[in-house]
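The values are calculated or read from the model by the stated rules, or taken from the named source; none is laboratory data. Model, not experiment: these values are computed from the prediction. Here the Cβ positions follow ideal geometry from the backbone for every residue, glycine too, while neighbour counts run over all protein chains shown.
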């Protein structure tokens, strides 16, 4: 993976889009001192280079997905293969290969405890999984998406 160089104008565009991803090119251009066309070109370059994605962030609870947990998974063998297998599960929304106590950190979002039991059993019985520790979410105090632009 190569690092994509960005300048202060790119950082300012990213900060504005992190605050409101629906901001128009003309508004963004006014904020950073660019024409609509130049602003559009920069944003499209950031998108094409994979520096940013513009997405709608949902609240799982409001969508009826009331059970959220982080699973600490230890593996035997190649943890990359297990990470790929776990990542193929619909309810696994975040899979990270890690060092330390766990080989993988897996965030799951499920409709209810029955759905959670199903996905956790699927992970526990996968080839290469040694153990799974469950850390159920009681609440989320902070969740941001504004990192990376100083």
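Would you check which residues across the stretch 123-147 are modelled with pLDDT under 95 and either in contact with a helix residue (DSSP H, G or I) (Cβ under 7 Å, 6 or more places away or on another chain) or surrounded by 10 or more Cβ atoms within 10 Å (Cβ to Cβ) (or both) and list them?
136, 137, 140, 145, 146
Pull up the stretch 77-88, narrow it to residues that are touching a strand residue (DSSP E or B) at 6+ places or on another chain (Cβ under 8 Å) and within 15 Å of residue 124 (Cβ to Cβ), then point me to the one that is surrounded by the fewest Cβ atoms within 10 Å (Cβ to Cβ).
Among those residues, the one meeting the criterion is 86.
Might you check whether a residue that is in contact with a helix residue (DSSP H, G or I) (Cβ under 6 Å, 6 or more places away or on another chain) and in the same structural domain as residue 131 (by TED's automatic domain parsing) occurs anywhere in the stretch 70-80?
Taking every residue of the stretch 70-80 in turn, at least one turns out to be in contact with a helix residue (DSSP H, G or I) (Cβ under 6 Å, 6 or more places away or on another chain) and in the same structural domain as residue 131 (by TED's automatic domain parsing).
How many residues does the stretch 4-55 hold that are within 18 Å of residue 145 (Cα to Cα) and not in a loop (DSSP other than H, G, I, E, B)?
Selection size over the stretch 4-55: 13.
Scanning for something surrounded by fewer than 16 Cβ atoms within 10 Å (Cβ to Cβ), in contact with a helix residue (DSSP H, G or I) (Cβ under 8 Å, 6 or more places away or on another chain) and in contact (Cβ under 8 Å) with a residue 12 or more places away in the chain, does the stretch 54-67 turn up at least one residue?
Yes, the stretch 54-67 contains a residue that is surrounded by fewer than 16 Cβ atoms within 10 Å (Cβ to Cβ), in contact with a helix residue (DSSP H, G or I) (Cβ under 8 Å, 6 or more places away or on another chain) and in contact (Cβ under 8 Å) with a residue 12 or more places away in the chain.
May I ask you to verify whether residue 51 is modelled with pLDDT under 95, surrounded by 12 or more Cβ atoms within 10 Å (Cβ to Cβ) and at negative phi?
Spelling it out, residue 51 is indeed modelled with pLDDT under 95, surrounded by 12 or more Cβ atoms within 10 Å (Cβ to Cβ) and at negative phi.
Within the stretch 56-73, can you find the residues that are assigned to a helix (DSSP H, G or I) and within 18 Å of residue 90 (Cβ to Cβ)?
61, 63
Looking only at the stretch 126-141, decide whether some residue is in contact with a strand residue (DSSP E or B) (Cβ under 6 Å, 6 or more places away or on another chain), touching a residue at least 40 places away in the same chain (Cβ under 8 Å) and outside any strand (DSSP E or B).
Yes, some residue in the stretch 126-141 is in contact with a strand residue (DSSP E or B) (Cβ under 6 Å, 6 or more places away or on another chain), touching a residue at least 40 places away in the same chain (Cβ under 8 Å) and outside any strand (DSSP E or B).
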